Amino acid sequence: MQRRRFGKTGLEVSVLGFGGAPVGFLETGQNEVAEILNNLLDRGVNLIDTAAGYAGSEEMIGRTIGHRRDEYVLVSKCGRASDDLAGEAWSATVIENTVDRALRRLQTDHLDVMLLHSCDLATLQKGEAVAALVKARAAGKIRFLGYAGDNDAAVYAAGLDEVAVIETSVNICDQANIDNVLARCRQNDVGVISKRSIANAAWKGAAQQRGMYVNYAETYAQRLAEMAITPQDLGFPGEAAQAWPEIALRFTLAQPGLSTAIIGTTKASHVETNIAAAAKGPLPENCVTELRAAFQRAEAAAGEQWLGQQ
């Protein structure tokens, strides 16, 4: 598994990472999660991403691969209020309590990265939330801090000296962050994690999506339809449903400054498919150019800016 430099953290991360939202929200069995995560680690994937808000995800990861903690870069997210924790949303109190709970759930003495989970620009500018993570870093509870989100807030966060990592939406149907967020990250040597790296399988249509994916998938499916481009247009023969996953992942991996693309899955069979696609490397430049042009044409025709999905 190829690895890339993770910005100014000094770490190296696999180009393919694991997104832990589905194993929480979609009620995946512990044996299935153990199989998926251990297989990924065995195959060289070394970035595991989760969040306090992904119900059950932190606990599941801790139970299934906590014993292999030194083999992966562990990322979680915090800041939102929780019924079982003291503190208001984005307050120093709730952030401190969420960090401490994450350490227990994930069965570790430190997190490699803790991200603020998509607070708005005004909250970031107040500085309390960032300061709380700086305090956690000083205490040795986290190694690096950052922000997960999109658009103007992510651009602002990437410009903060304390921020070492940004997680943002980058995919064939979500291209706004390529030109603004990724550019700022390159300027400031910030490591970049792409979320929704395969556009929530937009080619399937919203009717085939489950649970947490439906809202995102509806937007992405509409955008892809309006982009009016097919795998055949890009030189990929065969069924679209088989070609799109590879095209989508390799498009994301082709974006300048990207460190790792996370994909969440609840099926062990998808692990091999994703690894095989990543092994082929970034999508050829001409294909990337065509997909970017299709996005821009459709966006212009829609008469509104297609911002990154929060």
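The values are calculated or read from the model by the stated rules, or taken from the named source; none is laboratory data. As the structure is a computational prediction, the values presented were derived from the model and not from experiment. Glycine gets a Cβ as well: all are built from the backbone with ideal geometry, and neighbour counts include every protein chain shown.
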- Residue pairs meeting the criteria (Cβ under 9 Å; at least 6 apart or on separate chains; first of a type in the set (S, T, N, Q), in segment 284-297; second surrounded by 13 or more Cβ atoms within 10 Å (Cβ to Cβ)): Asn286/Leu234; Gln296/Gln175
- Counting only residues in segment 236-278 that are of a type in the set (A, V, I, L, M) and in a loop (DSSP other than H, G, I, E, B), the one farthest from Thr50 (Cα to Cα) is identified as Ala254
- Which condition number in (1) under 15 Å from the mean Cα position of the chain (by Cα); (2) over 29 Å from Trp244 (Cβ atoms) is the one that Arg196 fails? (2)
- Note on the structure: Taking segment 278-310 and keeping residues crowded, with 17+ Cβ neighbours inside 10 Å, within 20 Å of Val192 (Cα to Cα) and hydrophobic (A, V, I, L, M, F, W, C) leaves Ala278, Leu283, Val288
- Could you tell me which of the residues Arg137, Arg101, Arg143 is buried (at least 16 other Cβ atoms within 10 Å of the Cβ), without any contact (Cβ under 8 Å) to a residue 40 or more places away in the chain and outside any loop (DSSP other than H, G, I, E, B)? Arg137
- Odd one out for Asp233, checked against (1) surrounded by 14 or more Cβ atoms within 10 Å (Cβ to Cβ); (2) in a helix (DSSP H, G or I): (1)
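For every residue, the table says whether it meets (1) under 14 Å from the mean Cα position of the chain (by Cα); (2) farther than 28 Å from Cys185 by Cα; (3) of a type outside the set (A, V, I, L, M, F, W, C).
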residue	(1), (2), (3)
Gly10	no, no, yes
Ile65	no, yes, no
Glu71	no, no, yes
Ala86	no, yes, no
Ala89	no, no, no
Asp109	no, yes, yes
- Quick check: anything in segment 148-157 among the small types (Gly, Ala, Ser), out of contact with any Cys (no Cβ under 6 Å at 6 or more places or on another chain), surrounded by fewer than 20 Cβ atoms within 10 Å (Cβ to Cβ) and not in a strand (DSSP E or B)? no
- Message: With the requirement that a residue be farther than 20 Å from Ala164 by Cα, touching a residue at least 60 places away in the same chain (Cβ under 8 Å) and surrounded by fewer than 24 Cβ atoms within 10 Å (Cβ to Cβ), what does segment 1-32 give you?
- Response: Met1, Gln2, Ala21, Pro22, Phe25, Leu26, Thr28, Glu32
- Query: Across segment 289-310, what is the total count of residues that are assigned to a helix (DSSP H, G or I) and either at pLDDT below 95 or more than 22 Å from the chain's Cα centre (by Cα) (or both)?
  - Reply: 11
- Message: Every residue in segment 176-197 that is assigned to a loop (DSSP other than H, G, I, E, B) and surrounded by 24 or more Cβ atoms within 10 Å (Cβ to Cβ), please.
- Response: Val190, Arg196, Ser197
- Task: Output the residues belonging to segment 106-134 that are crowded, with 17+ Cβ neighbours inside 10 Å and either in a helix (DSSP H, G or I) or aromatic (Phe, Trp, Tyr) (or both).
- Result: Thr123, Leu124, Ala129, Val130, Ala132, Leu133
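Residue-by-condition table, conditions (1) free of Cβ contacts under 8 Å to residues at least 60 places away in the same chain; (2) over 16 Å from the mean Cα position of the chain (by Cα):
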site	(1), (2)
Leu124	yes, yes
Ala132	yes, yes
Asp152	yes, yes
Ala158	yes, no
Glu167	no, no
Asn180	yes, yes
Arg184	yes, yes
Val192	no, no
